[in-house]
Amino acid sequence: MLALLFSSPAVAQSVPNVLGLYQGFSAITLWGCTNPSDSKTTSGTGWINIAQQTGSSFAGDAEFSTLVEGTSVSELMSVSGTVTVGGSLSGTASSQGSVGGAPSGSRQADFSGTFTQAGIEIQFPGGPVGIDSCTHSGARISVTRCGNGVVDGSEQCDDANRFSEDGCSSECITEFCGDSIVQQGLGEVCDDGNQHPGDDCEPGCMMIPEPDTTLFRLAGVLVLGLMQRRRIATGRIRVSSRGA
């Protein structure tokens, strides 16, 4: 009875906020292929942008690409799903693939995963490929969130926002004088990729204005005029007396 009287009230838990831009890697492994050289892991890079969340439901888009024997293979996806209080994810991705810039077909697949403050881990189901008797692992995606104030994974910086020209770009890449990008928000007026003096862009990414030579030219004319008047006054200018 006393335990009931003095027990703490239950604290309602809410689902985490998964909104944000996430960047990272994807990987898919083939194994059991008839040709041993086909059994391998292929990695790619890309992003997931979760732009909408209402309660436990979220939606966004994503893109991942990789090079396969020198050819770009990419997949543009729209994703939607739900997140639990504990951070478990489940949903569906509809994708449009391309090989070398040409459409390669569309597909839809379910996924499961986990969300933490560091980022998102997603796993798509695997199965037979149908080519060379291979089996695939299903794509595994590991991405970190840019803008959470914590430097995660491949991020160079994270200043808790997604604005550029403040020292940390919207993609969590460090911005500085000498990175070949003119950051007007940092006061740069030029950026030639270095901080060497004496070239078109000075250290600090500032330009030295061209000197105004007008005063120097006027001063030269005045000096020459004064020198000529002095020579006349002292008789140093000779007049030729030779006749024709």
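For residue 200 and residue 116, compute 0.36 nm times the residue count separating them, minus their Cα-Cα distance, and round to one decimal in nm.
Taking 0.36 nm per residue and subtracting the Cα distance, the gain is 25.6 nm.
In debye to the nearest 20, how big a dipole does the stretch 124-165 give about its Cα centre with +1 on each Lys and Arg Cβ and -1 on each Asp and Glu Cβ?
With only Lys, Arg, Asp and Glu charged at Cβ, the dipole is about 220 debye.
If you add up the charges near residue 104, with Lys and Arg at +1 and Asp and Glu at -1, over every other residue whose beta carbon is less than 15 angstrom from its beta carbon, what do you get?
Every neighbour counted, the sum reads -2.
Ordering 136, 196 from largest to smallest accessible area (1.4 angstrom probe), what's the sequence?
196, 136
If you take every residue apart from residue 23 with its C-beta less than 9 Å away from the C-beta of residue 23, what net charge results, scoring Lys and Arg +1 and Asp and Glu -1?
Local net charge: -1.
Given a 1.4 Å probe and the protein chains all in place, what does the accessible area of residue 171 round to, in Å² to the nearest 10?
100
Once both labels are modelled 7 Å past Cα along the beta-carbon direction, what's the residue 45-residue 99 spacing in nm?
Spacing of the two 7 Å Cα→Cβ label points: 2.4 nm.
Using protein chains only and a probe of 1.4 angstrom, how many square angstrom of residue 78 are accessible, to the nearest 10?
Answer for residue 78: close to 60 Å² accessible.
Suppose a student asked you for the relative contact order of the stretch 108-152, using Cα pairs under 8 Å spaced at least 6 residues apart; what percent would you report?
RCO, the stretch 108-152: 34 percent.
The values are calculated or read from the model by the stated rules, or taken from the named source; none is laboratory data. In this text the structure is predicted, and so the values were computed from the model without any measurement. Note: ideal-geometry Cβ built from the backbone for every residue, glycine included; neighbour counts use all protein chains shown. We work out accessible area using only protein heavy atoms, side chains counted, and drop any ligands, DNA or RNA first. Shrake-Rupley method; radii C 1.70, N 1.55, O 1.52, S 1.80 Å.
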